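Bear in mind that the values in this text are calculations on the coordinates, not laboratory data. Since the structure is predicted, the reported quantities are computational estimates derived from the model, not experimental observations. Note that each Cβ is placed from the backbone with ideal geometry, even for glycine, and that neighbours are counted across all protein chains shown.
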Amino acid sequence: MQLLSSKVVVVEEEPRVRGIPALPTSVAGMVGITERGPIDQAVLVTSFEEFQDRFGGFTPNSDLALAAMGFFENGGSQLWVVRTVHHADVADPATATAVRSFGFLTTPGAPTPAIVVGAAAEPFLLADGDRIVLSVGGGPDEQATFNGSAAQVAAGGPGPFALADGQTLTLRFDGGPEQVVVFAAASFGDIGAATADELAATINAQIDGGKALVLAGVLTLESDTEGTSSQVEVTGGTANAALGFPPGAVSGAGNVADLAAVTVAEVKAVLEAAVPAVTVDAGPGGVVEIRTVATGAAASVQ
């Protein structure tokens with residue numbers, strides 16, 4: 001633009017150097033163990049009182065609360081806090097193993113049930129015939145019995161069995177993957193007249209999750225699991241024509257799925273059915289809590 005007369009013209013332009021806005025310098029981040037609060041989430045707190053409201057106070061196994069207090073006492077104003085716990089995989093937040101705690105609140109004077117709390121956490125390792133014996137309200141003993149038997153399937157007869165070198169038997173235990181047993185002539189005195197004991201030894205050397213037994217002279221396959229989830233199935237193989245194992249899956253029996261891993265839910269089902277005067281719940285950490293249905297001073301269980 002040309003200026004055709006003498007004058008003073010002021011032309012305003014944007015500054016070529018932009019200012020950089022100031023940011024607060026009293027901001028910090030901390031990660032650690034706290035009494036409570038959201039897990040694996042960054043939470044902004046602006047005072048130690050707010051930290052205590054969200055995450056609790058001092059704990060014997062973590063310095064995070066102490067560090068937060070020191071941060072604010074030394075002039076800090078904004079603190080981002082992430083509560084962490086033990087993870088099975090540190091790269092996957094979904095693998096946190098912390099268990100939510102809870103408790104029971106009773107009002108003063110309200111009648112409450114009697115309670116017995118177990119010392120061990122689930123799953124429970126039991127044996128067939130194990131019992132829980134209770135006396136409720138001073139009455140006679142009542143008992144709940146846990147049962148479980150392994151699935152078994154027997155061969156068609158006591159043998160001997162006319163097998164050939166390289167023949168196979170295919171089977172599976174507890175619904176698991178199919179396993180293949182190969183019968184080699186070197187494992188037998190005479191594979192054309194294989195005995196039940198020779199067959200059991202050969203099978204046991206090649207399978208997992210079960211075993212071969214000789215019961216009353218008959219070759220028998222048995223699952224290692226005792227309970228309703230126990231299962232044995234001979235699926236085929238070139239040797240089964242001679243061995244004579246029946247087709248189809250055979251299941252175990254009992255009132256729990258697996259005696260080696262009984263859950264609180266299974267204890268609840270068995271015990272409440274046998275002793276109607278009590279209820280069973282899972283306590284903190286997976287322990288068994290037994291309560292009387294009756295409440296008040298006369299309620300008791302042992």
- What FRET efficiency would be calculated for the residue pair Ala216, Thr168, taking the C-beta separation as r and a Förster radius of 30 Å, to the nearest 0.05? 0.70
- Arg36 to Trp80: extension gain in nm, 0.36 nm per residue of separation minus the Cα-Cα distance? 14.3 nm
- Point-to-point label distance, Ala205-Asp128, nm (Cα→Cβ direction, 7 Å offset): 2.9 nm
- Note on the structure: To the nearest 10 degrees, the tilt of helix 64-73 (Cα long axis) against the first principal axis of the alpha carbons of the chain is 0 degrees
- Query: To the nearest 0.05, how large is the calculated FRET efficiency for Asp92 and Ala193 if R₀ is 45 Å and r is the Cβ-Cβ distance?
  - Reply: 0.20
- Cβ density ranking, 10 Å radius, fewest first, applied to Leu271, Leu169 yields Leu271, Leu169
- If each of Val287 and Ala121 carries a label point 7 Å out from its Cα toward its Cβ, how far apart are those two points in nm? 1.1 nm
- Full extension between Thr112 and Asp63 adds, at 0.36 nm per residue less the Cα distance, a length in nm of 13.7 nm
- Note on the structure: Hydrodynamic radius by Kirkwood for segment 149-254, inverse mean 1/r across distinct Cα pairs, in Å, is 13.4 Å
- Query: Label-point separation (nm) for Arg16 and Ala274, each offset 7 Å from Cα along Cα-to-Cβ?
  - Reply: 9.2 nm
- Given a Förster radius of 30 Å and the C-beta distance between Ser135 and Ala261 as r, what FRET efficiency does 1/(1 + (r/R0)^6) yield to the nearest 0.05? 0.60
- Query: Add -39500 (n - 2.57) for each DSSP H run of 4 or more in the chain, then divide by its residues: what number comes out at 222 nm, to the nearest 500 deg cm²/dmol?
  - Reply: -4000 deg cm²/dmol
- P(r) of the chain over all Cα-Cα pairs, 20 Å bins starting at 0, rounded to whole percent, reads 22, 28, 27, 15, 5, 3, 0
